[in-house]
Amino acid sequence: MDRNDVLASAFHTGRFFVSDIYAFYQDTYKGQMGKVQVEVLDYLCINEQASIMELAGRLNISKQHASVIAGKLEDMGYASKRRNPDDGRSWLYSLTAEGRSFVEAHIAQSNEYLFERLSRMDEGDRELLERAIVDAARALKHDADEEKPA
């Protein structure tokens, strides 16, 4: 397969998911919290815990902004912090049970939208796309796990 075709397909697939599927997921939070707060919740949901420095770097925001957002999520009961055992001067944030339930409820709501969209597709195309989504997510997670320091 041509490398440019792969990159172009990845770009178009990403744009579709960001502009249509992920945008709908983010819309489920409208009136409750802002886009960057949602991104912090998502990051903590996927990664279990993160420092302010990690959140800032991964989400391309300032450390101050990351700190303010993490503090607000903590005040809301969706995140908690503990001292970083590797650096006693910093904190590690993670989702609380309430925070995880909150995110999972929004994921479930957006899943309904995704499955409704998929139901309009030809059965063969839908099955192919569903398998591709699962396979791509598994491969990307495996690759991300390989890059994490031990």
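A short reminder: the numbers here are calculations on the coordinates, not readings from a lab. Bear in mind the structure is a predicted one, so any value in this text is a computation, not a measurement. Glycine gets a Cβ as well: all are built from the backbone with ideal geometry, and neighbour counts include every protein chain shown.
Worth pointing out:
- Taking only the alpha carbons of the chain, we obtain Rg and Dmax values of 17.6, 55 Å in that order.
- Span-rule helices in the chain, defined as complete DSSP H runs reaching 30 Å or more along the axis (Cα) with Kyte mean at least 1.6: none
- Take the Cβ atoms of Leu129 and Gln32, set R0 to 30 Å, and the FRET efficiency comes out at 0.50.
- The value of relative contact order for the chain, using C-alpha pairs under 8 Å at least six residues apart, is 20 percent.
- In this calculation the C-beta distance from Asn84 to Arg58 is compared with R0 = 22 Å, giving a FRET efficiency of 0.85.
- The residues packed around Ala79, meaning those with a beta-carbon under 14 Å from its beta-carbon, carry a net charge of -3 if Lys and Arg are +1 and Asp and Glu are -1.
- Secondary structure note: in the chain, about 100% of the DSSP beta bridges are antiparallel.
- When each of the peptides 132-141, 98-107 is scored by the mean number of other C-beta atoms lying within 10 Å of its residues, the order from highest to lowest reads 98-107, 132-141.
- Under a model in which nothing but the beta-carbon of Lys, Arg (+1) and Asp, Glu (-1) is charged, the chain shows a dipole of about 700 debye around its Cα centre.
- Gain in span if fully extended, Leu7 to Met121, counting 0.36 nm per residue against the direct Cα distance: 38.6 nm
- As a proxy for reagent exposure, ranking Leu114, Leu129 by other Cβ atoms within 10 Å from fewest up yields Leu129, Leu114.
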